Amino acid sequence: MKLLIIDSTNGAKTLINSIKRIKTIDYKLVKLELAKLLVFNKHNMRDYILKLLFNNLTSNINICLIMCVSASSSILDILIKNNFVIANVLIIEPILPICLYIKKRKFKTLLILSSSLTQKIKWFSRILNSDIHNVTLKYATLNLSENDMTNNVKISSGVNNLINYKAFIDKCDGILLGCSSYSLIKNIIAKEIKSKYNYQGELLDSSVITFEYFSSFISQRI
């Protein structure tokens, strides 16, 4: 199986470590520029991602896995309209698998740590509150650049910025790492949130959830 992965350099590291354990998959990584992800608006991002897709979805690609939540947010309406097929290639993205995970496990109150673009488009809110099983959501960002991901002081400072959400965190049964790059620093974030806010709930990793969804999907096809 030939797999195209679209993600930032940091975000892809966790996924690729998992993909390498599946011997039947040959993958190609197209790296997103994190600097662009941090400043793009929805339309810039949509154009950027669609161009990447059409330039890289060759006839030998079986599945495309978009791990970046911001990238997915910008084109999810297009994916839904086209039944998640672009250029005759099946696209798997993170937002719907995450929402399925949240609904299946009946989370009630969630803080979503994500990019500002993901916050503005609000796909999680739109999907999770589209039926009777409403979820109380708030969004926040850690404001970390790609270089900050290897700087524990910067990460700690980012978690400090959640102080305005302390009362909400007290009520949360889940905090979602809604950015694939955060998966790389998940253990640090978990430690910081627990020590600073006494958080006792679950820390949901968007990359892990999406990979598990992808693994389940391909296991039914092999």
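The values are calculated or read from the model by the stated rules, or taken from the named source; none is laboratory data. Remember, it's a predicted structure, so these values are computed and weren't measured experimentally. Because the Cβ atoms are built from the backbone with ideal geometry, glycine has one as well, and the counts that use them run over all protein chains shown.
When restricted to residues that are part of a loop (DSSP other than H, G, I, E, B) and in contact with a strand residue (DSSP E or B) (Cβ under 7 Å, 6 or more places away or on another chain), the stretch 58-93 contains 7. Scan the stretch 203-218 and tell me whether some residue there is at pLDDT below 95 and more than 23 Å from ILE95 (Cβ to Cβ). No, every residue in the stretch 203-218 fails to be at pLDDT below 95 and more than 23 Å from ILE95 (Cβ to Cβ). Among the conditions (1) buried (at least 17 other Cβ atoms within 10 Å of the Cβ); (2) outside any loop (DSSP other than H, G, I, E, B); (3) not hydroxyl-bearing (Ser, Thr, Tyr), the only one that PHE217 does not satisfy is (1).
If you go through the stretch 132-151 and keep only what is β-branched (Val, Ile, Thr) and either farther than 13 Å from SER181 by Cα or outside the structural domain of TYR165 (by TED's automatic domain parsing) (or both), you end up with ILE132, VAL135, THR136.
Taken over the stretch 13-59, the criterion of being among the acidic types (Asp, Glu) and in contact (Cβ under 8 Å) with a residue 24 or more places away in the chain is satisfied by ASP26, GLU33. The residues in the stretch 1-44 that are among the aliphatic types (A, V, I, L, M), over 15 Å from the mean Cα position of the chain (by Cα) and either surrounded by 13 or more Cβ atoms within 10 Å (Cβ to Cβ) or in the same structural domain as SER114 (by TED's automatic domain parsing) (or both) can be counted, and the count is 8. In the set ILE169, ILE175, ILE185, only one residue is closer than 21 Å to ILE5 by Cα and surrounded by 14 or more Cβ atoms within 10 Å (Cβ to Cβ); that residue is ILE185. Against the criterion of being at pLDDT below 95 and either over 23 Å from SER114 (Cβ atoms) or buried (at least 19 other Cβ atoms within 10 Å of the Cβ) (or both), LEU53 does not qualify. Taking the stretch 135-156 only, how many residues are assigned to a helix (DSSP H, G or I) and surrounded by fewer than 20 Cβ atoms within 10 Å (Cβ to Cβ)? Selection size over the stretch 135-156: 7.
Quick grid of which residues meet (1) crowded, with 19+ Cβ neighbours inside 10 Å; (2) modelled with pLDDT under 95:
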{"position": "LEU90", "(1), (2)": "no, no"}
{"position": "PRO94", "(1), (2)": "yes, no"}
{"position": "ILE102", "(1), (2)": "yes, no"}
{"position": "THR109", "(1), (2)": "no, no"}
{"position": "SER116", "(1), (2)": "no, yes"}
{"position": "PHE124", "(1), (2)": "yes, no"}
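Write out, first by first residue and then by second, each pair whose Cβ atoms fall under 7 Å of each other, whose residues are 6+ apart or on separate chains, and whose first residue, in the stretch 60-84, is outside the structural domain of CYS179 (by TED's automatic domain parsing) and surrounded by 24 or more Cβ atoms within 10 Å (Cβ to Cβ) while the second is part of a loop (DSSP other than H, G, I, E, B) and small (Gly, Ala, Ser). That search, which allows pairs on different chains as well, returns VAL69/SER114; VAL69/GLY178; SER70/SER115. Inside the stretch 157-184, can you point out the residues that are under 14 Å from the mean Cα position of the chain (by Cα) and in a helix (DSSP H, G or I)? Those that are under 14 Å from the mean Cα position of the chain (by Cα) and in a helix (DSSP H, G or I): SER180, SER181, TYR182, SER183, LEU184.
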